[in-house]
1. For the stretch 1-44, enumerate the residues that are assigned to a loop (DSSP other than H, G, I, E, B) and modelled with pLDDT of 85 or more.
2. Between residues in the stretch 36-64 that are of a type in the set (Asp, Glu) and residues that are assigned to a loop (DSSP other than H, G, I, E, B), which pairs lie under 9 Å by C-beta distance while being six or more apart or on different chains?
3. Report the residue count in the stretch 77-87 for those that are surrounded by fewer than 18 Cβ atoms within 10 Å (Cβ to Cβ) and either under 10 Å from the mean Cα position of the chain (by Cα) or among the polar types (S, T, N, Q) (or both).
4. Evaluate the following for ILE53: is it of a type in the set (Val, Ile, Thr), over 19 Å from GLU88 (Cβ atoms), surrounded by 11 or more Cβ atoms within 10 Å (Cβ to Cβ) and at pLDDT 95 or above?
5. Could you tell me whether the stretch 65-76 includes any residue that is part of a helix (DSSP H, G or I), surrounded by 13 or more Cβ atoms within 10 Å (Cβ to Cβ) and touching a helix residue (DSSP H, G or I) at 6+ places or on another chain (Cβ under 9 Å)?
6. Just need a number here: residues in the stretch 45-63 that are assigned to a helix (DSSP H, G or I) and among the β-branched types (Val, Ile, Thr).
Amino acid sequence: MSNLELSPVNYGTKGKISNVAGCLIAYGCLLTFQLNEGNYKGHLAFTSKGELIPHYEKYYYAELVYGEKMIIFPTNGKKLIKKYLNLEI
């Protein structure tokens, strides 16, 4: 996953459109199942800004692996896909 940025009108609980970040991350997880092969299938890796690490851990089930590198493993990716995209993998 590369950069993820929300429009200021979608920040927080009073945002114009809800769950934008969750939908984008879940779509990234979906693509990892469709495009990756072998041992990489279903793994979404990204570099987080340090202050957002607890947020990604709490809301998107990401796990810190080294420094600011995080991974969403396949089991948790499937949870996000179901929650935000309403799809079963």
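1. ASN36, GLU37, LYS41, GLY42, HIS43
2. GLU63/PHE73
3. The number of residues fulfilling the criteria is 1.
4. Answer is no for this residue.
5. yes
6. Restricting attention to the stretch 45-63, the residues satisfying the condition of being assigned to a helix (DSSP H, G or I) are 50-60.
Subset that is among the β-branched types (Val, Ile, Thr): 53.
Total satisfying the criteria: 1.
The values are calculated or read from the model by the stated rules, or taken from the named source; none is laboratory data. Not measured: the values here are computed from a predicted model. Every residue, glycine as well, gets a Cβ built from its backbone with ideal geometry; the counts of neighbours run over all protein chains shown.
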